[in-house]
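Report on the following structure.
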């Protein structure tokens, strides 16, 4: 087992990475301050891992709430199901919520913990690669709205994050690819050595080589923890670097309907769009765009827009992005591989022209 720490003064917490961690009662119980626990999960994950988790908590009163599976259910209605379960079982401020699942479960459970009786403890136990390398770390919680992704939420740090890499053995291939999008992101925004390692080792990751997966999870968590420690609530702009590809990706997810593409698939395509725009602005070489795009394709991710999202629709959705300030659209773009910036200082005409090209290329031929 390896341990990292997200350094946030009194809100600091550890990230544990290893195998068979779900069966370790000593690890879990040190982060539960009361006697009551509510575990939130979905049908798929609960069937596989809930028995092991509950058996590791013999000294606590454990209740469960099973939520529907999928991004389309990351809503206020689903959040309310968690509140209802907590109230029906009479959980008080001493309770601990545990999120057992992927990013949707983690985001909803964390938001419920931030809000229930004005804030209770929670623990992240992510079971997908995307959640392990990204969404379980950093304290961003929330739900989607029909007009924009992750628009309703709160910052609420977990007591700890427990990453049991054994859960990746049953992960569907599409979910593995979606998680790799976020790993590639860390390389592109500030870790050229990681990007080059991914170029050399992506085939090992696609084969689910345990050592390679553990390395990329640890490196990704280190990268995110370092950024979160400097800008917990995205006030200085440093944390916004973690959104490379996300402004484009969130627009894709909202336009298609949540769940049509996995989040990581949309981010993968969005990173190619960000790299393409960076090249059109003269900031990076065409060869860099090809290297980034090739790695994303090798990871099994889409690089072309689905048909039907017009330039006007895309821009309208992008303007709803949380990085926009006073109506000014800001994007995470590349100055080089491993060198990203958050900026509103770019040629908007180039963005419009690029979106028009993408829209035209996505239209059915003939």
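Every number here is computed from the coordinates shown, using simple stated rules; none is lab data. Everything quoted here is computed from the prediction, not taken from an experiment. Here Cβ is always computed from backbone atoms with ideal geometry, including for glycine, and neighbour counts include all displayed protein chains.
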| remark: Per-residue Cβ contact counts at 10 Å, fewest first, order 77, 222 as 77, 222
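Rounded to the nearest 5, what is the percent of antiparallel bridges among the DSSP beta bridges in the chain?
40 percent
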| Kirkwood hydrodynamic radius for segment 83-186: how many Å is it when counted over pairs of different Cα atoms? | 14.2 Å
| field | Most mobile of 32, 332, 62 in a GNM of the chain (Cα contacts under 10 Å) | value | 62
| remark: A correct fewest-to-most ranking of 328, 277 by other Cβ atoms within 10 Å would be 328, 277
| query | Quick one: which of 203-210, 337-344, 152-159 comes out on top by average Cβ neighbours within 10 Å, and what's the full order, highest first? | reply | 152-159, 337-344, 203-210
| Helix-only [θ]222 nm of the chain, DSSP H runs n ≥ 4, -39500 (n - 2.57) each, per residue, nearest 500 | -14500 deg cm²/dmol
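With a Förster radius of 41 Å, plug the Cβ-Cβ distance of residue 20 and residue 315 into 1/(1 + (r/R0)^6) and report the FRET value to the nearest 0.05.
0.25
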| query | How would you classify segment 173-362 from its alpha-carbon gyration tensor, with a ≥ b ≥ c the square roots of the eigenvalues: rounded for a/c under 1.5, else prolate if a/b is greater than b/c, otherwise oblate? | reply | prolate
| task | Sort out for me the Cα centre separation of segment 127-167 from segment 14-49, rounded to whole Å. | result | 15 Å
| Relative contact order (percent, whole number), segment 173-362, Cα cutoff 8 Å, 6+ residue spacing | 27 percent
| Residue of 190, 287, 119 that the Gaussian network model of the chain assigns the largest fluctuation, springs spanning Cα pairs under 10 Å | 287
| said: Run the simple label-point estimate for residue 211 and residue 328 please: 7 Å along Cα→C-beta, distance reported in nm. | reply: 4.9 nm
| If the convex hull of the alpha-carbon atoms of segment 92-134 is projected onto planes in all directions, what is the mean projected area in square nanometres? | 2.6 nm²
| remark: In whole angstrom, largest first, the equivalent ellipsoid semi-axes that the Cα gyration tensor gives for the chain are 34, 22, 19
| request: Kindly express, to the nearest 10 degrees and within the range 0 to 90, the angle between helix 192-206's C-alpha long axis and the longest C-alpha principal axis of the chain. | output: 70 degrees
| If we count other beta carbons within 10 Å of each Cβ, what is the order of 261, 283, fewest first? | 283, 261
| query | Given N residues in segment 161-259, what is Rg(Cα) / (2.2 N^0.38 Å)? | reply | 1.15
| Rg [Å, one decimal], Dmax [Å, integer] - segment 2-170, C-alpha atoms | 14.4, 44
| Nearest 10 degrees, 0 to 90: helix 43-55 Cα axis against the chain principal axis | 40 degrees
| query | Against the longest alpha carbon principal axis of the chain, how many degrees, from 0 to 90 and to the nearest 10, is the axis of helix 348-362 turned? | reply | 80 degrees
